[in-house]
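The values are calculated or read from the model by the stated rules, or taken from the named source; none is laboratory data. Just so it is clear, the model here is predicted, and its values are computed rather than measured. When we count neighbours, we look across all protein chains shown, and the Cβ atoms used for this are built from the backbone with ideal geometry, even at glycine. Please note that ligands, DNA and RNA were not included when accessible areas were found on the heavy atoms of the full protein model with its side chains. Shrake-Rupley method; radii C 1.70, N 1.55, O 1.52, S 1.80 Å.
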Amino acid sequence: MAAEKGAGEHTWYEGGLAHVWLPYAQMKTARPPLPVVRTHGCRILLDDGRELIDGIASWWTACHGYNHPHIRQAVERQVASMPHVMFGGLVHEQALTLARRLAELMPGDLTRVFFSDSGSVAVEVAMKMAVQFWLNQGMRGRKTFVAFRHGYHGDTTGAMAVGDPDGGMHALFHGLLPEHYVVDLPQDEESSAAFSHLLERHSGELAGIIVEPLVQGAGGMRFHDASVLRLLRQAADRYQLLLIFDEIFTGFGRTGSLFACEEASVVPDIMCLSKALTGGTLPLAATIANERVFDAFWSDDPAHALMHGPTYMANALACAAANASLDLFEWEPRLQQVANIARGLERGLARCRELPRVKDVRVKGAIGVVELDRIDDLDGLRARFVEEGVFIRPFGSIVYLTPAFAIGDDELGKLTRTIGKVLHSL
Ligand SMILES: Cc1ncc(COP(=O)(O)O)c(C=O)c1O
């Protein structure tokens, strides 16, 4: 990796780049990463003075835009009084307030919040809870999950194992991970029949079903109907399986309702949240269980306890940021903004439908997707967007937008126009 012109003027860049291992990158051939010196609103400032309009909101986290003063002030206050204290044997106001607020926001009786520090770990915790739910009731055989093709739940071992084993980014590990049933979402007669058949044959060995509700994100930004979630709930009830919704991407308004499950009026047994939980400022995740799940751990037997406790769980700075982010959801018309963005995306991306390489254009809430037949040079396409003054990070065969909810109409217009212009020139 050679440093780009401009970046090399900083010793931190040149000196550090040789020692850092970047995500999802072939380090030998990847283009040098862009040095960022500041963020504000929906803008990313590069060290050479260029300002990019951000179409991705830092992997879908920065829902209020960057550097929101309300979150910054909350974190500043917290850092002055107590940046962190271990959560074993100790608790603090920010974490307990956040747990109560999340429980109040959740549908149904999802009332017990287990904090961790990343989405992948939140999924690991959910899977561990589900397996132990059965173990605590004397059932050792129920340890396998049903998951779905095109699904993505994170990069840790357990989470990888419930991702798409073939099309997903972890295909290299096929055969090496714990085995689960990864099947088509029951969306039509054939897939629904196959799904029912699977449950009929294997329910005795199943701990639960895990799904990204409404939108499968990193597996290709694929949308499914709310009726699929109702079917999953019915199947889980019928075969007594725990239903886990991974709302790490969809949670906090991204699909148009505060949580995707609301659109389907379906309540899972366990919900995973992260990403926009702190408004894109600090790492934090939550695995939220219903009373039934929690009750299976409530015992005089110490062996029935959930033996999990990440060192930085419920970090006070992150919880303060999350509480401030929830304030913004209360004070600002975020869901209305998402509805406006959806209209802007529909309008702005419509012209892409006419382009020869485009297979599909779809919009759900503040998610806009242009799917191509294929993308030959992902790095080249990403660089083209930067040349045009926007930060958009296509993957697989899709170009997508997941902007901050506070994005201006002009900024959104620039993002959609640029996608049209760049794809037109392919
Ligand atoms: C649906 C879903 N689950 C889990 C994860 C993993 O989260 P993290 O990257 O914080 O570990 C992601 C990340 O993209 C995700 O989109």
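Count charges around T402 for me, please; just the other residues with Cβ under 12 Å from its Cβ, Lys/Arg as +1, Asp/Glu as -1.
+3
Quick check on my link table: of K28/K143; K28/K128; K359/K414; K359/K421; K143/K359; K364/K414, which ones sit more than 28 Å apart, alpha carbon to alpha carbon?
Numbers: K28/K143 40 Å; K28/K128 37 Å; K359/K414 22 Å; K359/K421 17 Å; K143/K359 39 Å; K364/K414 19 Å.
Those over the limit are K28/K143; K28/K128; K143/K359.
For the chain, give the percent of accessible area contributed by carbon and sulfur heavy atoms, probe 1.4 Å, rounded to a whole number.
Ligands and nucleic acids excluded, carbon and sulfur reach 53 percent.
Just to make sure I understand: if all protein chains stay in place, what is the order of M106, M307 by accessible area at 1.4 Å, largest first?
Ranking M106, M307 by accessible area, largest first, yields M307, M106.
Evaluate E = 1/(1 + (r/R0)^6) for S425 and R38, where r is the Cβ-Cβ distance and R0 equals 25 Å; express this FRET efficiency to the nearest 0.05.
Numbers: r = 30 Å, r/R0 = 1.20.
That gives a FRET efficiency of 0.25.
Could you sort H19, H224 by accessible area so the largest value comes first, with the probe set to 1.4 Å?
Result of the area sort, largest leading: H19, H224.
For W60, tell me the accessible area in Å² from a 1.4 Å probe, rounded to the nearest 10.
For W60, solvent-accessible area is about 20 Å².
Note down the magnitude of the dipole of the chain about its Cα centre, charges +1 on Lys and Arg C-beta and -1 on Asp and Glu C-beta and zero elsewhere, to the nearest 20 debye.
Numbers: 40 positive and 51 negative charges, 100 e Å.
Taking the Cα centre of the chain as origin, the dipole is about 480 debye.
Between N67 and E189, how high is the FRET efficiency from 1/(1 + (r/R0)^6) when r is the Cβ-Cβ distance and R₀ = 51 Å? Nearest 0.05.
In this case the efficiency is close to 0.55.
Roughly what angle does helix 189-202 make with the longest principal axis of the chain, taking Cα atoms, 0 to 90 degrees, to the nearest 10?
Once rounded, the angle reads 40 degrees.
Hey, what number do you get for the chain at 222 nm if only DSSP H runs of n ≥ 4 count, each worth -39500 (n - 2.57), divided across all residues, to the nearest 500?
Counting only the DSSP helices, I get -11000 deg cm²/dmol.
Can you give the accessible area of D237 in Å² (nearest 10), computed on protein heavy atoms with a 1.4 Å probe?
Answer for D237: close to 90 Å² accessible.
Going by the alpha-carbon gyration tensor, a ≥ b ≥ c the square roots of its eigenvalues, is segment 188-288 rounded (a/c under 1.5) or, if a/c is not under 1.5, prolate (a/b greater than b/c) versus oblate?
Verdict is prolate for segment 188-288.
Just for segment 193-305, what percent of DSSP beta bridges are antiparallel, to the closest 5?
Bridges in segment 193-305 that DSSP calls antiparallel: roughly 45 percent.
So if a site counts as exposed when it's one of the trypsin sites (Lys or Arg not before Pro), its DSSP state isn't H, G, I, E or B, and it has at most 10 other Cβ atoms within 10 Å, what's the longest stretch of the chain without one?
Within the chain, the longest run free of exposed trypsin sites (Lys or Arg not before Pro) spans 141-373.
Of A276, A303, A318, which is farthest along the charge dipole of segment 272-348 in the positive direction, counting Lys and Arg as +1 and Asp and Glu as -1 at C-beta?
Of the listed residues, the answer is A276.
Could you calculate the FRET efficiency of R417 with S203 from 1/(1 + (r/R0)^6), where r is the beta carbon distance between them and R0 is 41 Å, rounded to 0.05?
FRET efficiency, R417 to S203: 0.20.
Kindly work out what percent of the DSSP beta bridges joining two residues of the chain are antiparallel, to the nearest 5.
In the chain, DSSP labels about 65 percent of beta bridges as antiparallel.
Once each part is reduced to its C-alpha centroid, what is the distance from segment 207-255 to segment 381-403 in angstrom?
27
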